[in-house]
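S.K.: Supplied in structure tokens, the structure appears directly below.
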Amino acid sequence: MTTETEPTTDVAVTGEVITPQQTLKENETIVKRNWQKATENVEKVYKALTIIHTNDLWKLHKDEKGKRKYTAFDAYLFGEFGWTLSRVRALQIIKAQRAKMIEAGELPASAAEPRKRTAPEVTSERAAKVTSAQLSKALEAFETRVNNIDEGDPDREEMLRIYTDAAEALNAVIGDLDEIVARAVAETEADEADEDADEDDEQDTEDES
């Protein structure tokens, strides 16, 4: 038959006897002295994290090529801070902190609503797309007009030469513009995939709670 035993007495190397009661008191003093400070620091971290996520500020990080450095929030946490929080756990923390900050007036009530994807009225993608279409249309019209010039016209060959030079230059410009559009579309798709994953994880978090 076994019986519970009292905590054993520790004997220091110097021969000083330290009782379990002394060890308890010493360590409780450490906890009491530092617990409030630790709690306040954690609260500050959670608030900063919530502001960063709510406003999509973490997406501002760029790599050496000027593209988005992080395509997932958990990758951002690890890359910038070495945190190994899963996306689900991070969103749980943020959701709880966001509600507290809204209640305290530190965030607007709209922060609780799902983020809507918005874009500036004029973006580089749209400017490139519209300009590419306009140049292509102008080049096609130029070609049609040149081809309709009467063969007996003395300046027909000169017009053909001008069109050929223009077509070569404009096709190069159109190609560059189309590359901008393709790059913007790829980045938008990556952003939307990441936001969809965030929303799915938030839904999973709600289902688990």
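Values in this text are rule-based calculations from the coordinates and carry no lab data. Because the structure is predicted, anything quoted here is derived from the model rather than measured. Note: ideal-geometry Cβ built from the backbone for every residue, glycine included; neighbour counts use all protein chains shown.
S.K.: According to a simple spin-label model (label point 7 Å from Cα along Cα-to-Cβ), what is the distance in nm between Asp63 and Ala172?
M.R.: With each label placed 7 Å out from Cα toward Cβ, I get 2.9 nm.
S.K.: Given axes a ≥ b ≥ c from the Cα gyration tensor, I'd like to know whether the stretch 124-198 is rounded (a/c under 1.5), prolate (a/b larger than b/c) or oblate.
M.R.: Prolate, because a/c is 1.5 or more and a/b exceeds b/c.
S.K.: Could I ask something else about it? Roughly speaking, what is the stretch gain from Glu158 to Asn41, that is 0.36 nm per residue apart minus the C-alpha to C-alpha distance, in nm to one decimal?
M.R.: 34.5 nm
S.K.: Got a sec? Charge dipole of the stretch 124-198, +1 on Cβ for Lys and Arg, -1 for Asp and Glu; which of Gln134, Ala190, Pro154 is way out at the positive end?
M.R.: Result: Pro154.
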